[in-house]
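Here the structure is laid out as structure tokens; the discussion comes afterwards.
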Amino acid sequence: MCDQLEIDAAKARGRCLIVDDSPTVRRIAGRILRGFGLEVDEAEDGQLALEACVRSMPGTILLDWNMPVMDGIEFLRALRETDGGDAPRVVLCTTQTDVDHVQQAFDAGADEYIMKPFDAAMLREKVFGVAVGLGAGR
Amino acid sequence: MVATIESTSVADRVAASLRRHGIPPTPDNYALWYEYHGGRNASLKHTIDAIISNHGEFDENTLEDLHLCFFSLAREKKAIRDTSARVLETLKEVVFVASDAGADARQFGLALNDFASSAFGQRIVNLQQLIEELVQESQRMAGQSEYVSTRMRQSADKIERLEQNLEEALRDASLDGLTGIANRRTFDQTLRRLAGETMNSGDDLGLLMVDIDHFKLVNDQWGHQTGDLVLQHLAGILQKSVRGEDLVARYGGEEFAVLLPRTDLEATVIVGENVRQVLRRELQQGSANNTVAVTVSIGAAVYDFGEPLPEWVARADHALYCAKQAGRDCVRSA
């Protein structure tokens, strides 16, 4: 099944790092992603996330925007500057839904953008790049 | 020849996008979507794709923001409008200075007239020149005549009335005409916003779906005017039964929805019970011999984190259906 191929490809990319200061989000996203077979790590803010990436670069990052110590955009810019920091697929996941924020995110180097609240289908589509239930075009 | 064929198909795709997302076919919107389908502006395409894939809405605010972000001419136009607005604000203050002194200033009045009629069509450079001329004039004429004061007070009044009209229009777009509470669109937007916030906070978010029992009978027996009164009365009871941060909305013809942040299932059901009992007590219809109480059935459901929003609403609706099946005039939870 082509979905399974995409999921396998995502798994081959490596572990997924969830960066969010909300324990609820980390729990829910973690449950959903583990359900898809991904191995998941968590970080509460951008600073801890950066340290985790330096230790071992993840394949995918689910990134919140508003966090203490270091927010998502700061982290993202710093990540893209580090060695190998271009590799992870970064998905911004935030309650900020306006055009300015979306554009800022892509400018800073995000690959995808999810507006909270998310569900399993949205995570699957954005994290794995799988369009659920859609054909080649929209 | 090839270029012509290409631009035709882009035009088709633009028209299709405008239709699909319910976007008014204004020149500005057309330009935006032409850029999107033309494929040269990657940042624009990325941003619009993010909005589409997140099932976002292309409302007036979003479309205006897209223009401001990606079209520098739009930024200029907005800057001009903002500047003109600020100047008019300043001129309002000059009125108070002018009305105190009371000397003659016909020339100032003419300069003001010129400014007002040409301000909105100007490029920023010319506008700055106009503003400088006007400021010089007003400095020269400071402490002026009744003529000026009257003219400017009239302008100030007109500006205030226009601002009020605009505020009312914006409010009206988010409200239900009959009951004055939030309309369906506002409910959908608020549902999304609150669910996003509650996902972050981990708090409970409750939902009540309230439906009038045998509403068609009420309309048939007592007339639509009475039916409307019942709707208005129920809206009033709902509003009085909730706190400031809760949202009461008209979901459909005779169906209402209530969003209750930081409220667990038990508390949500209690709010529902309150509403049911108050309505039953307060609404009696008919002649002295034949009194019928208007009642409601209510379904309750609390948001389950990560659940698709339509599923959550469906669970509350299903609970409402169970309440009807159970004989109506009751509350059921999902």
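The values are calculated or read from the model by the stated rules, or taken from the named source; none is laboratory data. Predicted model only: the values in this text are computed from it and were never measured. Ideal geometry is used to build each Cβ from the backbone, glycine not excepted, and the neighbour counts take in all protein chains shown. We work out accessible area using only protein heavy atoms, side chains counted, and drop any ligands, DNA or RNA first. Shrake-Rupley method; radii C 1.70, N 1.55, O 1.52, S 1.80 Å.
In order along segment B:263-269, the Karplus-derived 3J(HN,Hα) couplings, from 6.51 cos²θ - 1.76 cosθ + 1.60 at θ = phi - 60°, round to 9, 7, 4, 4, 5, 4, 4 Hz, and Gly and Pro are given as x.
Cross-link check: pairs B:Lys216/B:Lys240; A:Lys116/B:Lys216; A:Lys11/A:Lys116 evaluated at a Cα-Cα cut-off of 27 Å; pairs beyond the cut-off: A:Lys116/B:Lys216.
Take each residue in B:303-311, count the other chain C-beta atoms within 10 Å of its C-beta, and the mean is 4.
For segment B:184-333, the equivalent ellipsoid built from the Cα gyration tensor has semi-axes of 29, 14, 13 Å, listed from largest to smallest. If the reach is capped at under 18 angstrom between alpha carbons, list the aspartates and glutamates near B:Lys324, excluding any in the same chain fewer than eight residues apart. Candidates past the 8-residue exclusion: B:Asp211, B:Asp213, B:Glu254, B:Glu255, B:Glu273. Put simply, chains A and B cover up around 2100 Å² of each other's accessible surface, both sides summed, when a 1.4 Å probe is used. Computed over segment B:2-71, the percent of Cα pairs more than 15 Å apart is 52.
Annotation: peptides A:20-29, B:56-65, ranked by per-residue average of other Cβ atoms within 10 Å with the highest first, follow the order A:20-29, B:56-65. With the largest listed first and rounded to whole Å, the semi-axes of the equivalent ellipsoid of segment A:18-92 from the Cα gyration tensor are 19, 15, 9. All alpha carbon pair distances within chain A were sorted into 5 Å bins beginning at 0; the resulting P(r) in whole percents reads 2, 11, 22, 25, 21, 13, 5, 1, 0. What you get for segment B:2-71, charging only the Cβ of Lys and Arg (+1) and of Asp and Glu (-1), is a dipole of about 300 debye around the Cα centre.
In chain A, helices alone account for a calculated mean residue ellipticity at 222 nm of -14000 deg cm²/dmol, with every DSSP H run of four or more residues adding -39,500 (n - 2.57). Computed about the Cα centre, the dipole magnitude for chain A is approximately 520 debye when only Lys and Arg (+1) and Asp and Glu (-1) carry charge, each at its Cβ. Phi angles of segment B:24-31 translate, via the Karplus equation with coefficients 6.51, -1.76, 1.60 and θ = phi - 60°, into HN-Hα couplings of x, x, 7, x, 4, 5, 4, 4 Hz per residue; Gly and Pro are given as x.
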